[in-house]
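The values are calculated or read from the model by the stated rules, or taken from the named source; none is laboratory data. Keep in mind that this is a model prediction, so the values were computed, not measured. Note that we place each Cβ from the backbone using ideal geometry, even for glycine, and neighbour counts take in every protein chain shown. Accessible surface areas use protein heavy atoms only, side chains included; no ligands, DNA or RNA. Shrake-Rupley method; radii C 1.70, N 1.55, O 1.52, S 1.80 Å.
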Amino acid sequence: MILLNPVGALGRAVLDGLAALGRLTLYLGATLYAMVRPPFYFREFGHAVWVIGYNSLPVVGLTAVFTGAALALQIYEGGSRFNAGQVVPSIVAIGMARELGPVMAGLMVAARVSSSIAAEIGTMKVTEQIDALVTLSTDPMRYLTVPRVLAATVTVPVLVAVGDSIGIFGGYLVGTQSLGLNAAAYLKNTADYLEIWDVTSGLVKGAAFGFLIALVGCYYGMNSGRGAQGVGAATKSAVVAASVLVLAANYILTTLFFAA
Amino acid sequence: MIELRDIRKAFGRNHVLRGVTLTVPKGESMVIIGGSGTGKSVLLKCILGLVRPDAGQILIEGEDASRAEREAFLARFGMLFQGGALFDSLPVWQNVAFRLMRGATKRPKAEAREIAIEKLRRVGLKPEVADLFPAELSGGMQKRVGLARAIAAEPEIIFFDEPTTGLDPIMAGVINELIREIVVEMGATAMTITHDMSSVRAIADDVAMLHGGVIQWTGPVADMDHSGDPYLDQFIHGRAEGPIEAVR
Ligand SMILES: Nc1ncnc2c1ncn2[C@@H]1O[C@H](COP(=O)(O)OP(=O)(O)OP(=O)(O)O)[C@@H](O)[C@H]1O
Ligand SMILES: [Mg+2]
């Protein structure tokens, strides 16, 4: 069927995607509404900061160091074609801070966190734990969604900052150890050309990505179908949607920052 | 008093409730029986607002449930879910004391824990269980923790969805007695779903049988054995032959 009618399948996918986006927007509204009304569950928030932020450090650090190292090699190779091998430090720093740091961290957190949130909340849904919360006069939006969304919004920028630093360090290692650049010159070049806005724009992106990732995870978890199959499907949809949204939001934010 | 008027609920083409009308007087124990999949659990969820009925009216002490202020409304209820529905991220005692540690009924942690341990004792669980996590308990133990949670805040109206399923006969007897005590001593209104006929006789003031999406028969438990209703007779005697098709 898909083979015979690829255009139809594409059209259906687009329509489904738009419908999901609409429902997600409604969910976003409900989340924002729940955020500004007490009670606020501090313990849940603290726990979410731990699970989302702290536990994501290793994977974000590892991806950043390899990304920074590869970037240094590529820039050196490309730059040397017009005798500009010495731009490696500044381009690695700017590239990491403005683009690769937030995007790589966003994608890794999207994979790790949106899936685990969707699976956890989805399981709670199919085992009637969400119903039990409601009967115990506890609003699932405030108890489950708000703490996770806020925790991701504040911790992903921190992850991005750590990733930026580690990525720049990865570039430094490659630059000084295998490309033969001077260590002191490398650091000076990095510091001279990197502007505050390069870093903060990346952190703002990180906050936006964190917000979207947790929101999508909660949304798909809360709307999980019945049974193990339902939870599996919710988890998969959450990871796909979170990754696409991170990249789409990255483009939109970059456009806004570029115009500013 | 709980009054259900012509409650209807369908999931897609599956018409589960087709006009349920039932009255549960205050301080009485109503037991709901009926075949598997006839919508007993769905009926309780409709009353709590967890499932929105397609039509019909639910009155609690004369007040329309759909218009009530949600938080205050739910504070009057306790519910034991069929699957237990324990929060697996929290230890047993925090599950039991969940309502006691939040909202209007909030009290100090030590006191909440003490109440939780007392409720666990009443459902036949030792204090050592309090610090375990739900995943570390057997099915029957989880059920009893769910029961302890349902009664922890001493609600006026309590729903038990299959409270004795998965329990040994002695423990089932203990739980039957507990439910009876809660109704008699605390004056609570109880609605219990069960498949266990000895449980029905131990718990019920009134019995209602749900079949084909409506209340097939309802009346005092004493009348159950000579109701003259062929559906009810087949059900309580567990016969394969009769008006209810056993093999579908
Ligand atoms: N959320 C839901 N979505 C779709 N169908 C549902 C949902 N909840 C219940 N149903 C359907 O409603 C019917 C009644 O379910 P219910 O759980 O109330 O049965 P029950 O009478 O409690 O049975 P049992 O004695 O086996 O627990 C079933 O056919 C079930 O598939
Ligand atoms: Mg049921």
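For the reader, a short list of remarks on this structure follows.
- Residue in the range B:85-102 that is modelled with pLDDT under 95, more than 9 Å from chain A (Cβ to nearest Cβ) and not in a loop (DSSP other than H, G, I, E, B) present: yes
- Members of the range A:199-227 found to be in contact (Cβ under 8 Å) with a residue 12 or more places away in the chain, in a helix (DSSP H, G or I) and open to solvent by 10 Å² or more (accessible area, probe 1.4 Å), listed by number: A:VAL199, A:LEU203, A:VAL204, A:ALA207, A:ALA208, A:PHE211, A:LEU212, A:TYR219, A:TYR220, A:MET222, A:GLY227
- Flag for B:GLY78 being assigned to a strand (DSSP E or B) and within 14 Å of chain A (Cβ to nearest Cβ): yes
- Meets criteria (within 14 Å of chain A (Cβ to nearest Cβ), more than 9 Å from ligand 1 (Cβ to nearest atom), under 20 Å from B:VAL207 (Cβ atoms) and under 15 Å from the mean Cα position of the chain (by Cα)) for B:ILE47: yes
- Residue that is surrounded by the fewest Cβ atoms within 10 Å (Cβ to Cβ) [pool: residues in the range A:28-82 that are among the β-branched types (Val, Ile, Thr) and over 15 Å from A:VAL162 (Cβ atoms)]: A:VAL36
- Being hydroxyl-bearing (Ser, Thr, Tyr), open to solvent by less than 20 Å² (accessible area, probe 1.4 Å) and free of Cβ contacts under 8 Å to residues at least 24 places away in the same chain holds for only one residue in A:THR135, A:THR145, and it is A:THR135.
- Of all residues in the range B:114-132, those that are under 14 Å from B:PRO91 (Cβ atoms) have Cβ atoms under 7 Å from Cβ atoms of residues that are of a type in the set (Lys, Arg), 6 or more apart or on another chain, in B:LEU125/B:ARG144.
- B:THR23 meets each of the listed conditions (1) within 14 Å of chain A (Cβ to nearest Cβ); (2) more than 14 Å from the chain's Cα centre (by Cα); (3) open to solvent by 50 Å² or more (accessible area, probe 1.4 Å) apart from (1).
- Where A:ARG23 falls short, out of the listed (1) of a type in the set (D, E, K, R); (2) farther than 26 Å from A:ALA248 by Cα; (3) touching a helix residue (DSSP H, G or I) at 6+ places or on another chain (Cβ under 9 Å): (2)
- Check on A:ALA93, modelled with pLDDT of 95 or more and away from chain B (no Cβ under 11 Å): no
- In the range B:72-92, the condition of being in contact with a helix residue (DSSP H, G or I) (Cβ under 9 Å, 6 or more places away or on another chain), away from ligand 1 (no atom under 16 Å from the Cβ), outside the structural domain of B:LYS26 (by TED's automatic domain parsing) and of a type in the set (D, E, K, R) is met by at least one residue.
- Every residue from the range B:9-20 that is within 13 Å of ligand 1 (Cβ to nearest atom) and away from chain A (no Cβ under 14 Å): B:LYS9, B:ALA10, B:ARG13, B:HIS15, B:VAL16, B:LEU17, B:ARG18, B:VAL20
- Selection within the range B:26-38 - open to solvent by less than 10 Å² (accessible area, probe 1.4 Å) and within 11 Å of ligand 2 (Cβ to nearest atom): B:ILE32, B:GLY34
- Test result for A:LEU181, part of a loop (DSSP other than H, G, I, E, B) and touching a residue at least 24 places away in the same chain (Cβ under 8 Å): yes
- Close Cβ contacts (under 9 Å, 6 or more residues apart or on different chains) running from residues in the range A:98-125 that are within 14 Å of chain B (Cβ to nearest Cβ) to residues that are acidic (Asp, Glu) and open to solvent by 50 Å² or more (accessible area, probe 1.4 Å) comprise A:THR123/B:ASP88; A:MET124/B:ASP88.
- Filtering the range B:143-174 to residues that are assigned to a helix (DSSP H, G or I), within 14 Å of chain A (Cβ to nearest Cβ) and away from ligand 1 (no atom under 16 Å from the Cβ) leaves B:VAL145, B:LEU147, B:ALA148, B:ARG149, B:ALA150, B:ILE151, B:ALA152.
- The condition (being within 16 Å of ligand 2 (Cβ to nearest atom) and over 22 Å from B:CYS46 (Cβ atoms)) is satisfied by just one residue among B:ASP196, B:ASP225, B:ASP229: B:ASP196.
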